[in-house]
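Asker: Before I ask anything, here is the structure I am working with.
The values are calculated or read from the model by the stated rules, or taken from the named source; none is laboratory data. Remember, it's a predicted structure, so these values are computed and weren't measured experimentally. Reconstructed Cβ throughout: ideal geometry from the backbone, glycine too, with neighbour counts over all protein chains shown.
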Amino acid sequence: MPRDPEKLRAKQARSRARRREKISAYNHAHYLSHIEEIRLANRERYLANQDDRLDRAAAYRATHPEEIRISKATHRLANLDEYRAKAKAKWAADPVKSKTLNAARYQRNRPAILLMAAIKRASQPAKVRARQQRYRANHPERNAYDHELRKARKNGATIIDFCPAQWEEMLLACHGQCVYCGRDDLPLTKDHLTPYARGGNHTLWNILPACVSCNCKKKDGPPLCPVQPLLLTIANPRRPRKKRVA
Ligand SMILES: [Zn+2]
């Protein structure tokens, strides 16, 4: 009996599809009726091959560091909130350990971190300026300190390392009294034993607490009476911070 080959092929295809459906339905029914056994068997196989699987994973990680890095970073970006919450919880659980780890990480990546910070600063100059202004407004003592350093630089001092902590100690050591007249009811100023005009420096051994009156009287002249620098302080001198280049 002559047959149309096209029709024949279509019929065969339909038949194959029906068979596949039947098999898959049978498999599914079998799966459902033996689900516990199958799960148990799968679990056993999983456990039996665990070492193998871990070895393979470790080998992959060792040979594909770049892929792992990208995959981790992608996952992190996609789940940023979750990562942050986790980090916060970890930090709260052991702040001391977290601080130590953070400090170590900072030391390891310092150049990169500083570079990132500089890039960020450069990209938002208005924000940086506003923050600086806020800081200035809240720290008048810092303004006074900076002013002192500027004055010392302007006057050609070569050593500029006198710091607020040293001044505090000096005031304690002289009981808040002027080294020349002994008065303690006037605000004390930093008198430069050798004035800037004669090449004096802004450093511990050239500074004494003198009242405004005595400091005005002395001006650029010699000390009003023989005095010795108060070398009693233990605070470390501090180098003025270099101006940041934005
Ligand atoms: Zn005085």
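Asker: Return a yes/no flag: does region 100-123 have any residue that is more than 19 Å from the chain's Cα centre (by Cα) and among the hydrophobic types (A, V, I, L, M, F, W, C).
Answerer: The answer is no, given that none of the residues of region 100-123 is more than 19 Å from the chain's Cα centre (by Cα) and among the hydrophobic types (A, V, I, L, M, F, W, C).
Asker: Can you pull out the residues in region 117-152 that are surrounded by 12 or more Cβ atoms within 10 Å (Cβ to Cβ), in a helix (DSSP H, G or I) and not aliphatic (A, V, I, L, M)?
Answerer: Matches in region 117-152: Arg121, Arg131, Arg136, Arg142, Asn143, Tyr145, Asp146, Glu148, Arg150, Lys151.
Asker: Hey, can you tell me all the residues within region 180-221 that are of a type in the set (Phe, Trp, Tyr) and either within 16 Å of the ligand (Cβ to nearest atom) or part of a loop (DSSP other than H, G, I, E, B) (or both)?
Answerer: Tyr180
Asker: Looking at (1) in a loop (DSSP other than H, G, I, E, B); (2) buried (at least 17 other Cβ atoms within 10 Å of the Cβ), which is the one condition that is false for Cys225?
Answerer: (2) is the only condition that Cys225 fails.
Asker: Which numbered condition trips up Ala235, out of (1) buried (at least 17 other Cβ atoms within 10 Å of the Cβ); (2) at pLDDT below 90; (3) touching a Cys at 6+ places or on another chain (Cβ under 7 Å); (4) not β-branched (Val, Ile, Thr)?
Answerer: The number of the failed condition is (1).
Asker: Given the residues Glu36, Glu21, which is the only one that is surrounded by fewer than 10 Cβ atoms within 10 Å (Cβ to Cβ), assigned to a helix (DSSP H, G or I) and not polar (S, T, N, Q)?
Answerer: After applying the criteria, what remains is Glu36.
Asker: For region 157-171, check the following and say yes or no: at least one residue is within 13 Å of the ligand (Cβ to nearest atom) and in contact with a Pro (Cβ under 8 Å, 6 or more places away or on another chain).
Answerer: For region 157-171, residues within 13 Å of the ligand (Cβ to nearest atom) and in contact with a Pro (Cβ under 8 Å, 6 or more places away or on another chain): absent.
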